[in-house]
Amino acid sequence: MVIVMKQHATDSQIEGVVEKLVSQGFDVHRSTGVERTILGAVGAKVVDIRDYELVEGVQEVHRITQPYKLASRAFRPEGTVIEIKDVKIGGGETVVMAGPCTIEDYEQCNLIGERIRAAGARVIRGGAFKPRTSPYSFQGHGEEGLKSIRKAADNHGLLVISEIMESSQLPLAQEYIDIIQIGARNMQNYGLLRDIGQTDIPALLKRGMSATISDLLLAAEYIMSEGNHRVILCERGIRTFETHTRNTLDISAIPVIHELSHLPIVVDPSHAIGIRDKVPPLARAAMAAGADGLLLEVHHDPDNAICDGAQTMTLEQFDDLMGELKVIAGAVGRKTATANAL
């Protein structure tokens, strides 16, 4: 259930409610908004909500019927804005994250980092650990790759987002990565989700290929239930019967998730469509639908990229797209996040 405290509830009143909840076996998660504090109580115990409605300092009590409690919009009605250094994900800005599918070397990362930063991106993406269908495919450069992208990001004032595959890679993530990417294959790797939940690193959680929106929100709940509420959802296309595209991008998930959850949602059109010249139209559609961010694959020479070159935009395509996104953002009452000069 969710307990909304009165606007001027004192710290002692809030602590009194927390102690009562804990004594009844609830795990309590506190959300402090601009005007009031909201307490999310998670647990199997059935209580009469009137026992809390009469407690001093309590404004109202709601029983959450959805299976996801902490990810529910009711837990933080005003929405979550995740701040990482000078970047804010959520709210009225759309943050662009761009870079190669795979980290090849430092020179590649530095060149791409310079160009995407100049165009307006705030985050550089790149894979150091690659989940490949075949065990014989290139699996990534590991820590050396992370060192390369970290150095390039620092050169150009960018954040780093990169995927980890297992809990043993968390120490490397804490050293080199600003946002952990959890891939579609790992959306229901609950052990990994719980371990990430015990850190304070922001996590971008991709929707599984056959996952429903509720499945995605419940996966986020695993992370949040461990204490890490810095979760970003990602729509990257789902598997349907369509064969002309790699996946089917569910644009409708953007407004639906904004209604159901307070968490920001980012869209990855590159993995959704899998076709380079079709990525910009999907990115434009995601912006128009209210996406809080875009995750785009960009390479200086995609035809010779180590992997996924077919879905990766050229730097020139990326520059053109960024100009188009600014126009669309203005038309729908949003704006693209901009970086301060270095």
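The values are calculated or read from the model by the stated rules, or taken from the named source; none is laboratory data. Nothing here was measured: the structure is a model prediction, and the numbers come from that model. No Cβ is skipped: glycine too gets one built from the backbone with ideal geometry, and neighbour counts run over all protein chains shown.
Annotations
- The listed residue being more than 22 Å from Val266 (Cα to Cα) and more than 22 Å from the chain's Cα centre (by Cα), out of Glu175, Glu144, Glu166: Glu144
- Considering the range 39-68, the residues that are in contact with a His (Cβ under 9 Å, 6 or more places away or on another chain) and among the hydrophobic types (A, V, I, L, M, F, W, C) include one that is modelled with the lowest pLDDT, namely Ile49.
- Flag if Ser261 is farther than 12 Å from Ala98 by Cβ, buried (at least 24 other Cβ atoms within 10 Å of the Cβ) and in contact with a Ser or Thr (Cβ under 8 Å, 6 or more places away or on another chain): yes
- Options Gln188, Gln169, Gln181: the member that is in contact with a Lys or Arg (Cβ under 9 Å, 6 or more places away or on another chain) and either outside any strand (DSSP E or B) or in contact (Cβ under 8 Å) with a residue 12 or more places away in the chain (or both): Gln181
- Scope the range 71-119; condition acidic (Asp, Glu), buried (at least 18 other Cβ atoms within 10 Å of the Cβ) and either in a loop (DSSP other than H, G, I, E, B) or not assigned by TED's automatic domain parsing to the domain that holds Tyr222 (or both); matching residues: Glu104
One line per residue, one yes/no per condition, for (1) within 21 Å of Arg230 (Cα to Cα); (2) touching a His at 6+ places or on another chain (Cβ under 9 Å):
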{"position": "Ile84", "(1), (2)": "yes, no"}
{"position": "Ile89", "(1), (2)": "yes, no"}
{"position": "Ile103", "(1), (2)": "no, yes"}
{"position": "Tyr106", "(1), (2)": "no, no"}
{"position": "Cys109", "(1), (2)": "no, no"}
{"position": "Arg117", "(1), (2)": "no, yes"}
{"position": "Thr133", "(1), (2)": "no, no"}
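- You will find that of Gln66, Gln7, the residue that is touching a residue at least 12 places away in the same chain (Cβ under 8 Å) and within 29 Å of Pro255 (Cβ to Cβ) is Gln66 and no other.
- Options Ile254, Ile273; residue that is in the same structural domain as Pro100 (by TED's automatic domain parsing), closer than 25 Å to Glu78 by Cβ and touching a helix residue (DSSP H, G or I) at 6+ places or on another chain (Cβ under 8 Å): Ile254
- Lone unmet requirement of (1) without any contact (Cβ under 8 Å) to a residue 40 or more places away in the chain; (2) over 15 Å from the mean Cα position of the chain (by Cα); (3) in a helix (DSSP H, G or I) for Ile223: (2)
- Residues in the range 120-137 that are of a type in the set (A, V, I, L, M, F, W, C) and assigned to a strand (DSSP E or B): Val123, Ile124.
- Meets criteria (assigned to a strand (DSSP E or B) and closer than 18 Å to Met322 by Cα) for Val266: yes
- Restricted to the range 1-70, the set of strands (runs of 3 or more DSSP E) holding at least 2 residues that are more than 17 Å from Ser225 (Cα to Cα) and touching a strand residue (DSSP E or B) at 6+ places or on another chain (Cβ under 7 Å) comprises 2-5, 58-62.
- Test: Ala291 is in a loop (DSSP other than H, G, I, E, B) and surrounded by 22 or more Cβ atoms within 10 Å (Cβ to Cβ): yes
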